[in-house]
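For reference, the structure discussed in these notes is given below.
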Amino acid sequence: MLKLDGVALIRGGRLLFEGLDLTLAAGEAVLLTGPNGVGKSSLIRLSAGLLRATSGTVERSGAAALADEGLALDPRQPLAQALGFWARLDGGDAAAGMRAMGLERLAPVPVRMLSTGQRKRAVLARVIATGAPLWLLDEPGNGLDAEGLERLAAAMASHRATGGAILAASHQLLGLDEARRVALA
Ligand SMILES: Nc1ncnc2c1ncn2[C@@H]1O[C@H](COP(=O)(O)OP(=O)(O)OP(=O)(O)O)[C@@H](O)[C@H]1O
């Protein structure tokens, strides 16, 4: 689903990593770890096709969904409608995303009024709703309470059980204890 071969990335004149190989097949997850500024978010963006590798190749098969610090939801719209916009484009299921992240009660609330943790849940609901096989998650646990973290872990387990794959960058374990780890240093 994702294959990085001998990838190097220079950003801001600094070599972040080189010779990086990573493959992610259906049902697999990789937890990307490493200190602040080492290049985890950059690797996620590179995997999403939003950055170009300095050398090496990045191959993706099938659709990918990205969750990062960007909300990508219209702040003026009620949550259900804002998520519905993407679900219509993706042929996805906004209600399933909201259910998975426990957001049903917030369906009529404008996105701009959501709290930090509620926004994070909304971003994850957007990813879940896409139905994309590859999830690229940059610090998906940030801002989530214990219940939100449990929901995220359950959603990731269910995604993998149905043939999805996940690349997650995080300082937390996210319930991915048995997942492969790639440590950038
Ligand atoms: N747009 C940019 N232009 C130039 N350099 C950048 C840009 N964005 C990030 N960088 C640099 O690339 C390096 C890696 O950043 P990145 O966000 O990938 O790290 P990270 O491992 O995700 O860090 P954190 O754990 O703090 O989230 C940092 O030194 C950062 O300053």
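Of the residues making up the range 153-172, those that are part of a loop (DSSP other than H, G, I, E, B), crowded, with 16+ Cβ neighbours inside 10 Å and within 16 Å of the ligand (Cβ to nearest atom) are Ser170, Gln172. Picking from residues in the range 26-41 that are within 15 Å of Ala183 (Cα to Cα) and of a type in the set (A, V, I, L, M), the one that is farthest from the ligand (Cβ to nearest atom) is Ala29. Being within 16 Å of the chain's Cα centre (by Cα), away from the ligand (no atom under 16 Å from the Cβ) and in a strand (DSSP E or B) is a property that Ala65 has. For the range 42-61, filtering for residues that are more than 12 Å from Leu9 (Cα to Cα), open to solvent by 40 Å² or more (accessible area, probe 1.4 Å) and within 16 Å of the ligand (Cβ to nearest atom) leaves 2.
Return yes when Glu178 is open to solvent by 30 Å² or more (accessible area, probe 1.4 Å) and away from the ligand (no atom under 16 Å from the Cβ) and no when it is not. When the stated conditions are applied, Glu178 passes them. Of all residue pairs spaced 6 or more apart or on separate chains, those with beta-carbon atoms under 9 Å, a first member in the range 31-46 that is assigned by TED's automatic domain parsing to the domain that holds Ala179 and assigned to a helix (DSSP H, G or I) and a second member that is of a type in the set (Asp, Glu) and near the ligand (Cβ under 8 Å from one of its atoms) are Lys40/Asp138; Lys40/Glu139; Ser41/Asp138; Ser41/Glu139; Ile44/Asp138; Arg45/Asp138.
Criterion first (more than 17 Å from Ile166 (Cα to Cα) and buried (at least 20 other Cβ atoms within 10 Å of the Cβ)) does Ala82 satisfy it? Yes; evaluated as a whole, the condition is true for this residue. For the range 94-110, the criterion of being within 15 Å of the chain's Cα centre (by Cα), exposed (fewer than 12 other Cβ atoms within 10 Å of the Cβ) and of a type outside the set (S, T, N, Q) is met by none of the residues.
For the range 1-56, a residue qualifies if it is hydroxyl-bearing (Ser, Thr, Tyr) and closer than 18 Å to Asp68 by Cβ, and the qualifying residues are Thr33, Ser41, Ser42, Ser47. Here is a check on your reading of the model: is Arg121 open to solvent by less than 60 Å² (accessible area, probe 1.4 Å), basic (Lys, Arg) and outside any strand (DSSP E or B)? It is true that Arg121 is open to solvent by less than 60 Å² (accessible area, probe 1.4 Å), basic (Lys, Arg) and outside any strand (DSSP E or B).
The C-beta contact set for the range 90-110 (first residue part of a helix (DSSP H, G or I), second residue surrounded by fewer than 17 Cβ atoms within 10 Å (Cβ to Cβ), distance under 6 angstrom, 6+ apart or interchain) comprises Met98/Glu104.
Of the residues making up the range 68-75, not a single one is in contact (Cβ under 8 Å) with a residue 40 or more places away in the chain, within 16 Å of the ligand (Cβ to nearest atom) and surrounded by 19 or more Cβ atoms within 10 Å (Cβ to Cβ).
Here is the figure for the range 1-25: residues that are away from the ligand (no atom under 16 Å from the Cβ), surrounded by fewer than 14 Cβ atoms within 10 Å (Cβ to Cβ) and in a loop (DSSP other than H, G, I, E, B) total 1.
The values are calculated or read from the model by the stated rules, or taken from the named source; none is laboratory data. Bear in mind that the values here come from a model prediction, so they are computed numbers and not experimental data. Heads up, the Cβs are rebuilt from the backbone with ideal geometry, glycines too, and the neighbour counts pull from every protein chain shown. Side chains included, ligands, DNA and RNA excluded: accessible areas come from the protein's heavy atoms. Shrake-Rupley method; radii C 1.70, N 1.55, O 1.52, S 1.80 Å.
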